[in-house]
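S.K.: One structure coming up, written as structure tokens, with questions to follow.
The values are calculated or read from the model by the stated rules, or taken from the named source; none is laboratory data. Computed from a predicted model, the values in this text were never measured in an experiment. Positions of Cβ are generated from backbone atoms using ideal geometry, with glycine treated the same way; all protein chains shown enter the neighbour counts.
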Amino acid sequence: MKKLVTSFLILSFSIICAEPIVPIPKSINYDHKKAQLGKKLFFDTRLSKNNTISCASCHNIYEGGDDNLQYSFGIDAQEGNINSPTVLNAGFNFRQFWNGGAKNLQAQAEGPVQNPVEMGNNFSNLIKTLNNTEYKNLFAKVYSNGITKNNITDAIAEYEKTLITPDAPFDKYLRGDKTAINLDAKEGYELFKSKGCIACHHGINIGGNLYNKFGVAKATHSKRLGRYEVTHNEDDKYYFKVPTLRNIAQTAPYLHDGRYNNLKDVVRFMAQYQLGRVITQEEVRKIVIFLKTLSAPVKEIQ
Ligand code: HEC
Ligand code: HEC
């Protein structure tokens with residue numbers, strides 16, 4: 001009985017004190033055959049019009065899931081106008097793209113193939129190309145109707161679902177290993193909550209689950225209009241999807257226009273422009289140490 005009461009107390013305590021950040025699950029369910037096909041497509045430059053660019057060109061899954069450039073370069077060395085976000089853990093985002101323009105990973109995957117400054121291709125051309133290659137048989141084994149736009153994007157999305165990073169030191173800490181992060185990181189996490197970062201960056205992806213205004217407390221210049229680009233509603237101007245902070249130490253430059261190269265600058269910027277408060281150098285330092293505990297290698301399929 002006593003044991004029961006104790007577990008009840010512990011249970012209610014952990015519900016009341018539930019952490020606003022949730023660890024990434026150790027594994028997820030996915031269709032292995034589709035994901036394998038999707039992986040091959042993800043790394044294949046034949047998706048682009050002139051065989052030069054693959055998804056992996058702008059999303060290096062072994063180095064943070066982005067390309068470490070302010071703006072990406074697509075076919076014919078054309079430069080884009082928005083920073084490439086990470087694809088790692090993207091399956092946990094409630095929408096895809098900075099402006100939330102794609103409702104899920106499958107819808108997102110249509111974009112780059114047809115974007116003139118990314119892969120510059122179109123689906124009827126791509127389907128023709130792939131039907132003249134080994135993909136004809138590979139698709140036939142997985143999809144009864146062979147190579148279609150829907151099946152190409154479905155396979156890629158299934159692969160992207162697998163790109164999770166479950167073993168970050170901070171996740172180990174949340175799962176109960178109190179020594180997984182050091183004292184500075186623990187204090188940094190407390191500051192992240194007490195200063196208000198947590199209001200926008202929370203949940204499984206520490207972001208990725210809401211839109212918010214870029215420049216809440218103080219206006220800042222913005223190259224893009226955010227959510228407004230999708231809805232054309234005045235109130236949505238400069239609202240962007242709050243990005244994930246997972247693997248953030250690997251994904252500089254930061255913000256949708258890649259304006260900062262280091263975490264210290266972006267943390268200071270967030271405090272000032274999103275929260276309207278100045279934080280000390282020491283506080284910035286600890287928050288950065290906390291942010292660095294959010295990285296882990298991708299758990300990729302074979
Ligand atoms: C030329 C560089 C480039 C290529 C090639 C490219 N991407 Fe991207 N990707 C980007 C950029 C830039 C964005 C952000 C665009 C935006 O939000 O407006 C993005 C966004 C994404 C997102 C959304 C992530 C989020 O958090 O919103 C996913 C997922 C993604 N790409 C997957 C892919 C896949 C799959 C392919 C191949 C079919 C691909 N990308 C090809 C540069 C690229
Ligand atoms: C009111 C909501 C809000 C608050 C509060 C907030 N952020 Fe953000 N954060 C955002 C949005 C929105 C972006 C994306 C801005 C853009 O580039 O369009 C962002 C971007 C970031 C980035 C860059 C991510 C990337 O991939 O480029 C970091 C790092 C970050 N925030 C950390 C913090 C920290 C640390 C705090 C607390 C000091 C904080 N944020 C407070 C909404 C918020």
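For (1) charged (D, E, K, R); (2) in contact with a Lys or Arg (Cβ under 7 Å, 6 or more places away or on another chain), each residue gets a yes or a no:
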site	(1), (2)
GLY64	no, no
LEU69	no, no
ILE75	no, yes
PRO112	no, no
ASN115	no, no
GLU118	yes, no
GLU134	yes, no
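S.K.: Pairs, please: C-beta under 7 Å, at least 6 apart or cross-chain, first residue closer than 12 Å to ASN99 by Cβ and in the range 235-257, second in a helix (DSSP H, G or I) and more than 11 Å from ligand 1 (Cβ to nearest atom)?
M.R.: Close Cβ pairs (under 7 Å, with a partner that is in a helix (DSSP H, G or I) and more than 11 Å from ligand 1 (Cβ to nearest atom)) amount to ASP236/TYR228; LYS237/TYR228.
S.K.: What's the total number of residues in the range 45-68 that are within 9 Å of ligand 1 (Cβ to nearest atom), of a type outside the set (Gly, Ala, Ser) and assigned to a loop (DSSP other than H, G, I, E, B)?
M.R.: Here the count works out to 3.
S.K.: Mind checking which helices (runs of 4 or more DSSP H) fall wholly inside the range 92-193 and carry at least 2 residues that are out of contact with any Gly (no Cβ under 6 Å at 6 or more places or on another chain) and within 26 Å of ASP257 (Cβ to Cβ)?
M.R.: Qualifying helices (runs of 4 or more DSSP H): 105-114.
S.K.: Further, regarding this structure: Considering only the range 246-301, how many residues are of a type in the set (S, T, N, Q) and farther than 30 Å from LEU37 by Cβ?
M.R.: Matching residues across the range 246-301 total 7.
S.K.: State all residues of the range 234-252 that are outside any loop (DSSP other than H, G, I, E, B) and within 9 Å of ligand 2 (Cβ to nearest atom); if no residue qualifies, say none.
M.R.: Selection gives TYR239, PHE240, LYS241, ILE248.
S.K.: For ALA199, all conditions in the list (1) buried (at least 17 other Cβ atoms within 10 Å of the Cβ); (2) closer than 25 Å to LEU88 by Cβ hold save one; what is the number of the exception?
M.R.: So the condition that ALA199 fails would be (1).
S.K.: Got a number for residues in the range 114-146 being closer than 12 Å to LEU41 by Cα and either outside the structural domain of GLY65 (by TED's automatic domain parsing) or in contact with a Phe, Trp or Tyr (Cβ under 8 Å, 6 or more places away or on another chain) (or both)?
M.R.: 1
S.K.: Could you say which residue among ASP76, ASP66 is within 12 Å of ligand 2 (Cβ to nearest atom), within 25 Å of THR52 (Cα to Cα) and either out of contact with any Asp or Glu (no Cβ under 6 Å at 6 or more places or on another chain) or modelled with pLDDT of 95 or more (or both)?
M.R.: It is ASP66.
S.K.: Another question about this same structure. Within the range 183-228, take every residue that is among the hydroxyl-bearing types (Ser, Thr, Tyr) and within 11 Å of ligand 2 (Cβ to nearest atom) and give me the one that is farthest from GLN274 (Cα to Cα).
M.R.: Among residues in the range 183-228 that are among the hydroxyl-bearing types (Ser, Thr, Tyr) and within 11 Å of ligand 2 (Cβ to nearest atom), the one farthest from GLN274 (Cα to Cα) is TYR189.
S.K.: To continue, here is another question. Would you check if there is a residue in the range 210-229 being away from ligand 1 (no atom under 14 Å from the Cβ), in a helix (DSSP H, G or I) and aromatic (Phe, Trp, Tyr)?
M.R.: no
S.K.: Shifting gears a bit: For the range 170-184, which residues satisfy the criterion of being touching a helix residue (DSSP H, G or I) at 6+ places or on another chain (Cβ under 6 Å) and within 27 Å of PHE240 (Cβ to Cβ)?
M.R.: PHE170
Residue-by-condition table, conditions (1) more than 17 Å from GLY65 (Cα to Cα); (2) in the same structural domain as TYR239 (by TED's automatic domain parsing):
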| residue | (1), (2) |
| --- | --- |
| ALA252 | no, yes |
| TYR260 | yes, yes |
| GLY276 | yes, yes |
| LYS299 | no, no |
